[in-house]
1. Report whether or not Glu38 is at pLDDT 70 or above and acidic (Asp, Glu).
2. Regarding the range 24-46, can at least one residue be identified that is β-branched (Val, Ile, Thr) and free of Cβ contacts under 8 Å to residues at least 24 places away in the same chain?
3. Restricting the range 1-52 to residues that are among the β-branched types (Val, Ile, Thr) and assigned to a helix (DSSP H, G or I), which is most open to solvent (accessible area, probe 1.4 Å)?
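The values are calculated or read from the model by the stated rules, or taken from the named source; none is laboratory data. All of these numbers come straight from a predicted model, not from anything done at the bench. Heads up, the Cβs are rebuilt from the backbone with ideal geometry, glycines too, and the neighbour counts pull from every protein chain shown. Areas reflect the complete protein model, heavy atoms only, side chains present, ligands, DNA and RNA absent. Shrake-Rupley method; radii C 1.70, N 1.55, O 1.52, S 1.80 Å.
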Amino acid sequence: TVVAFDSFRFVIKGSLAGAAVYVAYDQGLLGSGTQGAEALKKAQAALPPAIQEWTSYIGWEVRALPPTPKFDFSPTDSWNKGVQTVMSALSVAPTRACEYTVEGWKYVKDLVK
């Protein structure tokens, strides 16, 4: 029964993860920076009405919601910075690998002496 429970939990967690990835892809969060910016604008526009509806459904009384925070964030710029960082790291990777290999051999030789 423990194995069945563990496999059931695995299926549930896998399903939730798959659904989260699908929703992120469907909303354009996994696309280009421009698509991500549009998805962020849609989320900012939809959030206050959704909270109001949810609180009225539960029965909480919310008189005034604070305004949604304004993000000074450009997904396009962040995406480009991330791509530049990764490409920079990949371009120096062979040199660093050689340096670390030489240092490793030096260390091993010092241990053997």
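1. yes
2. Taking every residue of the range 24-46 in turn, none turns out to be β-branched (Val, Ile, Thr) and free of Cβ contacts under 8 Å to residues at least 24 places away in the same chain.
3. Val3
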